[in-house]
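Coordinate-derived values only; no laboratory data. In this text, all values refer to a predicted model and were calculated from it rather than measured experimentally. So basically every Cβ, Gly included, is an ideal-geometry build from the backbone, and we count neighbours across all protein chains shown.
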Amino acid sequence: MTQETANLEVRRQGPATCVLDITGDITAASEQTLMDAYARASDDQTRSIVLNFSGLDYMNSGGIGLLVTLLVRANRQRQKVLAYGLNDHYREIFELTRIDEAISIHDDEAAAVVAAGS
């Protein structure tokens, strides 16, 4: 059995934006943790979800698949999904898989939160 190693904290940044602080590994075993965090972050007021990857240790294809699932759920709620804190390796993976076309990537939290509000 695969052991869960991800931790996600949810923070509100203003009335319409929530930040999900990701620490540890995002793999298929992280599904419940990621979807529970998204559910806590997503309410009628939330228009944007910001994913903070600065504490990410590892992400594999199962983790990328979970991000796509989260993106689909957010799109159904008409929410933007943004990200920051990706290292060069994961930025390149986002570009190769074209996830960066659906999840806008920013250099830091301030830039992501400003973009979330626009």
In the neighbourhood of Ala115 defined by beta carbon distances under 14 Å, the net charge of the other residues (Lys, Arg +1; Asp, Glu -1) is -2
Which one, Asp107, Asp57, Asp44, has the greatest fluctuation when you compute a Gaussian network model over the chain with C-alpha springs under 10 angstrom? Asp44
What's the percent breakdown of Cα-Cα distances in the chain across 10 Å bins, shortest bin first? 14, 52, 31, 3, 0
Around Ala74, what is the net charge, scoring Lys/Arg as +1 and Asp/Glu as -1 over all other residues with Cβ under 13 Å from its Cβ? +4
Mind checking the stretch 10-118 for trypsin sites (Lys or Arg not before Pro) that DSSP puts in a loop (not H, G, I, E or B) and that have at most 14 other Cβ atoms within 10 Å? Arg78, Arg98
Select from Val50, Val68, Val19 the residue whose mean-square fluctuation is largest in a Gaussian network model of the chain (Cα-Cα springs shorter than 10 Å). Val68
Two-site FRET efficiency, Arg73 against Asn7, from Cβ-Cβ distance with R₀ of 30 Å, rounded to 0.05: 0.90
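Which value, to two decimals, describes the C-alpha radius of gyration of the stretch 22-86 once divided by 2.2 N^0.38 Å?
Numbers: Rg = 11.3 Å, N = 65, 2.2 N^0.38 = 10.7 Å.
Taking the Cα Rg and dividing by 2.2 N^0.38 Å, one obtains 1.05.
Given the Cα-Cα distance of Leu96 and Asp43 and 0.36 nm per residue of separation, how much length would full extension add, in nm? Mind dumping the intermediate values first?
Working: separation 53, 0.36 × 53 = 19.08 nm, distance 3.16 nm.
Taking 0.36 nm per residue and subtracting the Cα distance, the gain is 15.9 nm.
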Alpha-carbon centroids, the stretch 1-52 and the stretch 58-118: separation in whole Å: 12 Å
Once both labels are modelled 7 Å past Cα along the beta-carbon direction, what's the Tyr58-Asp88 spacing in nm? 2.2 nm
